[in-house]
Structure formats: C-alpha cells, structure tokens
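Below is one structure, written out as structure tokens; the observations come after it.
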Amino acid sequence: MVTGEQVLNKEILPGVKNIVAIASGKGGVGKSTVSVSLAVALARTGARVGLLDTDIYGPSIPIMMGITEKPEIRGEKLIPIVKYGVSLMSIGFMIAEDTPLIWRGPMVMKAVEQLLTDVEWGNLDYLLMDLPPGTGDVQLTLAQKVPLTGVVIVTTPQDVALLDVVRGISMFRKLDVPILGVIENMSFFRCPHCGERSDIFSHGGGEAASKKLDVPFLGEVPIDLKIREGGDAGRPVLVDDSESPQSKVFMNLAEQLVSRISSLG
Ligand SMILES: Nc1ncnc2c1ncn2[C@@H]1O[C@H](COP(=O)(O)OP(=O)(O)O)[C@@H](O)[C@H]1O
Ligand SMILES: [Mg+2]
C-alpha cells in the first residue's frame, strides 16, 4: 500500500475549482466514453472544463476527442489541447505507443503530478480525471495525493453489485473522497427503429445497488450505436446534435453531477 502526504494541495491548482475523478471497478465499462461526454456536456452549460486522461493502461481520450496532434510546450509549461470547448491533456502524450506498460504507483504519480503542475490549466470550473480501471496502487496514490472534490463511479449493469465496484467505493470512502455518485452505462437498449426499450440486463440494478451501498445514483446511459461511433470517430454525440436523445442523457448526467457537487457545500 502506498502512503504519503497530500503533496498536491489546493495551492498547486489555484485556478481549478473542482477536480472530479471518474473511476470504475474494471476496464471496458465505458469510463472514458462517459468522461468525454460529461466533459463536453459540462462545457455546453458554459462551464470551463478540463479533461485529464490518467489511464496508463488505455489512454483513449485523445482518440475519442479526435486529437492527433501533441501538446505544445510554451516556456516551461505544456499547453492543453482545446477541443469541443474542453481543455485536454493525456498521459498517453507521455508514453510511446509501443512501450510496454510496467508502471508502478510512484511512477504514475510523478507523471500525473506533472500533468497537474506543468500544464497551463488556467481557470477551470471542473477538471475531470479519467482514472485507470480498478483499485490498485495507482488509483490509491492518485486518490490520496490529488485534492479531489469527489469521484464518479462508472459501471455496467452486470458488474454494478460485484466486488470490483464495492471495493472501489470502500477505497474512496476510506480515503475520505466523497462519492459523487454511480453512473450505470450500457444500461438498456432503445431500438432505433421502433423506439422500444429493452432492459437487456434487467432494469434498476444500478439504482438498487447504489441504495444498498448508500451512494447517490446519477443516472443511466443506454448502449447505443451512435455513442460507440462517436467515440471511434473522435466526435462525441453531443458535438453534432445537442438535442438528440443520446445528448440529452449526458446533459442530464452533467446536471446531476453539478447539483451533487454543489450539495457538498
Ligand atoms: N453507452 C455506450 N454505448 C455503446 N458503446 C459504448 C457505450 N459506452 C462505451 N461504449 C463502447 O465500449 C468500448 C469501451 O468503452 P470505454 O469508454 O473505452 O471503456 P473504459 O474506458 O471503461 O475502458 C468502446 O468501444 C466504447 O465506444
Ligand atoms: Mg478508458
């Protein structure tokens, strides 16, 4: 277990009002998809938003945001790449694509520390941080050392009640990181032809599990072709049609998140 003092106190990012971690019990549940969409949704509300990809195992945010260039360095600072109204930085910019990843907690922490302090984030209302999946060393170190406003847990209906998620929640609780809420992704399917909803994994599991674990439930995201295509194409659904049902899902989630953060006081 990695322990240590909170080295990155609030002084280090004085211009950032809220740092929100997006976590999941395991990979492939849509953590990055949700991070990207929430970031774009928050930016749509007029907030100043940053997105920091710290997933060393799969830094997919640049692809999902359609970014091919590397960040510029000005003076001593890295300049975030601004896309769709969101300032973005990724740990992927710091690793060559073919490098095998044998990162340990302290190495990741050093890289993340750089991504926080050596980046010209400027003034932000929200800095979302896409964490690596799971509850290993890396997540533990991050949660301990970064002054988080709170954490959002992304899960799928199948694993919502599983040990992975429960373990994640209890880890953040132990570290006194407020659980902002659970988002259930790939929750249901709505037929694009007839509009009928199918609850493939039965309905209400996420909400029920959240109640049981005594954490807020922020909402559900359907499994949806456009959401997947948007991610692959580097154009999140909100960018092309902010009135689509898919976009509204993320706008609602962003609203829930904001109200949850303001309720923390
Ligand atoms: N709601 C969704 N509907 C359809 N596809 C999704 C949805 N959420 C995620 N995906 C797809 O599932 C895959 C894994 O998602 P990703 O966000 O990369 O997961 P994670 O970051 O948790 O590993 C990606 O191909 C993504 O496009
Ligand atoms: Mg990811």
Original post:
Of the residues GLY105, GLY50, GLY134, which is open to solvent by 10 Å² or more (accessible area, probe 1.4 Å) and either touching a residue at least 12 places away in the same chain (Cβ under 8 Å) or among the basic types (Lys, Arg) (or both)?
Top reply: GLY134
Original post:
Within segment 57-70, which residues are without any contact (Cβ under 8 Å) to a residue 40 or more places away in the chain and either under 14 Å from SER87 (Cα atoms) or charged (D, E, K, R) (or both)?
Top reply: PRO62, GLU69, LYS70
Subject >> Condition met for ILE73 (more than 8 Å from ligand 1 (Cβ to nearest atom) and outside any loop (DSSP other than H, G, I, E, B)) >> reply: yes
**OP:** Can you give me the number of residues within segment 137-182 that are assigned to a loop (DSSP other than H, G, I, E, B), within 16 Å of ligand 2 (Cβ to nearest atom) and either open to solvent by 10 Å² or more (accessible area, probe 1.4 Å) or β-branched (Val, Ile, Thr) (or both)?
**Re:** 1
**OP:** Can you give me the number of residues within segment 10-42 that are in a helix (DSSP H, G or I) and under 22 Å from ILE179 (Cα atoms)?
**Re:** 13
Subject >> In segment 230-265, residue nearest to the chain's Cα centre (by Cα) [restricted to those that are in a loop (DSSP other than H, G, I, E, B) and under 17 Å from VAL36 (Cβ atoms)] >> reply: PRO236
Subject >> Residues satisfying the stated conditions in segment 10-47, i.e. in contact with a Pro (Cβ under 6 Å, 6 or more places away or on another chain) and either within 10 Å of ligand 1 (Cβ to nearest atom) or open to solvent by 30 Å² or more (accessible area, probe 1.4 Å) (or both) >> reply: LYS10, SER24, LYS26, GLY27, VAL36, SER37
**OP:** Tell me, please, whether a residue that is in contact with a helix residue (DSSP H, G or I) (Cβ under 7 Å, 6 or more places away or on another chain), outside any loop (DSSP other than H, G, I, E, B), of a type in the set (Lys, Arg) and under 24 Å from VAL239 (Cα atoms) can be found in segment 44-60.
**Re:** yes
Original post:
Would you say ARG197 is closer than 21 Å to VAL249 by Cβ, more than 16 Å from ligand 2 (Cβ to nearest atom) and out of contact with any Phe, Trp or Tyr (no Cβ under 7 Å at 6 or more places or on another chain)?
Top reply: no
Subject >> Some residue of segment 194-217 being buried (at least 21 other Cβ atoms within 10 Å of the Cβ), within 16 Å of ligand 1 (Cβ to nearest atom) and in a strand (DSSP E or B) >> reply: no
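The values are calculated or read from the model by the stated rules, or taken from the named source; none is laboratory data. Since we're looking at a predicted model, the values are computed, not measured. We place every Cβ from the backbone using ideal geometry, glycine too, and count neighbours over all the protein chains shown. Heads up: the accessible areas ignore ligands, DNA and RNA and are worked out on the full protein's heavy atoms, side chains in. Shrake-Rupley method; radii C 1.70, N 1.55, O 1.52, S 1.80 Å.
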